[in-house]
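Down below is the structure, laid out as structure tokens.
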Amino acid sequence: MNMVFRDRIDAAEKLAEKLLYLKQEDREGIQSNSIIIMAVPRGGVVIGNIISRILDAKLDVVVSRKIGAPYNAELALGAVMPDGSFFPNENIIRMLKISEGYINSEIDTQMKEIDSRLMSFRGSKEYGKDLQYKTVILVDDGIATGATISAASKWLKKKKNCKELIIAVPVAPKDIAEKLKKVADRVIILYSPSSFEAVGQFYHDFSQVSDNQVKKILHGHGYKTCL
């Protein structure tokens, strides 16, 4: 193993170094408040908190939920986003002959979870027009399959009309890293190993992040979280 992060804070600081050019561009008058950090809960919020403070950028969260296959929840049929947009894995759906009724039922179930998390974390389900024409940095503490972050990327580009989308994560499998380049304007991954079992194997400390930790972080950024 060529690189191991001490913890999420260490990983975030290293990622922020790769993003400092954006802060310089902002100072040169591209547009004030033109950068938004969109973090994937929960671990991604710890990463996003550090990066947002270093870049002096707004922090927000994006919650996407995977739709699992019948009898195999880990096999992603696609992912659903906060406004109900569904980004399907059409090859898997076709191969397994998944019915539209099953997918619609699962979307309804996952939308309830998304709504609950958004209200708990940020006090609102609405994003408004905050993301339009902005440079959005989508962050997480690592990527294993890429299903949810890929859906989030497509949603931010197609539905929220951001100006530029940057995916920034400490670690992701090499093959996933290549796929993400097709859905983002820029992909920053500090370590892309060919051999990959789980995100946690690349951290000395990969302690679970609780909902309360996420709420406290977002509360510190002005969100009306349910503490």
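Taking every residue in segment 88-115 that is of a type in the set (S, T, Y) and pairing it with any residue that is at pLDDT below 95 and open to solvent by 60 Å² or more (accessible area, probe 1.4 Å), at least 6 positions away or on another chain, the pairs with Cβ-Cβ distances below 9 Å are T109/R65. A search for C-beta distances below 7 Å between a residue of segment 119-131 that is of a type in the set (D, E) and any residue that is open to solvent by less than 70 Å² (accessible area, probe 1.4 Å), counting only pairs 6+ apart in sequence or on different chains, returns D130/I36.
Output the number of residues of segment 120-137 satisfying the condition of being in a helix (DSSP H, G or I) and farther than 14 Å from S64 by Cα.
From segment 120-137, those in a helix (DSSP H, G or I) are 120-122; that's our starting set.
Imposing the further condition that a residue be farther than 14 Å from S64 by Cα reduces the set to 120, 122.
Selection size over segment 120-137: 2.
Any residue at all in segment 130-151 that is among the hydrophobic types (A, V, I, L, M, F, W, C) and over 26 Å from L55 (Cα atoms)? Don't jump to the end; show me each part of the working.
Residues of segment 130-151 that are among the hydrophobic types (A, V, I, L, M, F, W, C), as a first pass: 131, 136-139, 143-144, 147, 149, 151.
Those left that are additionally over 26 Å from L55 (Cα atoms): 144, 147.
Looking for residues that are among the hydrophobic types (A, V, I, L, M, F, W, C) and over 26 Å from L55 (Cα atoms), one finds at least one in segment 130-151, hence yes.
Candidates are the residues of segment 134-148 that are out of contact with any helix residue (DSSP H, G or I) (no Cβ under 7 Å at 6 or more places or on another chain) and at pLDDT 85 or above; the one that is nearest to S34 (Cα to Cα) is K134.
If only residues of segment 183-215 that are open to solvent by 90 Å² or more (accessible area, probe 1.4 Å) and at pLDDT 90 or above are counted, the one that is nearest to L15 (Cα to Cα) is R186. In summary, helices (runs of 4 or more DSSP H) completely within segment 1-115 and bearing 2 or more residues that are within 20 Å of the chain's Cα centre (by Cα), among the charged types (D, E, K, R) and modelled with pLDDT of 95 or more occur at 8-27. A search for C-beta distances below 6 Å between a residue of segment 146-165 that is within 17 Å of D60 (Cα to Cα) and among the basic types (K, R) and any residue that is open to solvent by less than 10 Å² (accessible area, probe 1.4 Å) and part of a loop (DSSP other than H, G, I, E, B), counting only pairs 6+ apart in sequence or on different chains, returns K160/L131.
Can you tell me which residues in segment 168-182 are under 26 Å from S120 (Cα atoms) and surrounded by fewer than 18 Cβ atoms within 10 Å (Cβ to Cβ)?
Narrowing segment 168-182 to residues under 26 Å from S120 (Cα atoms): 168-169.
Selection gives nothing.
Residues of segment 30-70 that are hydroxyl-bearing (S, T, Y) and open to solvent by 20 Å² or more (accessible area, probe 1.4 Å): S32, S64.
F206 passes every criterion in (1) closer than 30 Å to V4 by Cα; (2) in contact (Cβ under 8 Å) with a residue 12 or more places away in the chain; (3) part of a helix (DSSP H, G or I) apart from (3).
So which residues in segment 141-184 are under 20 Å from G78 (Cβ atoms), aliphatic (A, V, I, L, M), within 13 Å of the chain's Cα centre (by Cα) and not in a loop (DSSP other than H, G, I, E, B)? Passing the criteria: A147, I149, A151, A152, L156, L165, I167, L180.
The values are calculated or read from the model by the stated rules, or taken from the named source; none is laboratory data. The model shown is predicted, which means the values in this text are computed figures rather than measured ones. Glycine gets a Cβ as well: all are built from the backbone with ideal geometry, and neighbour counts include every protein chain shown. Remember, those area values only see protein heavy atoms, side chains included, never the ligands or the DNA or RNA. Shrake-Rupley method; radii C 1.70, N 1.55, O 1.52, S 1.80 Å.
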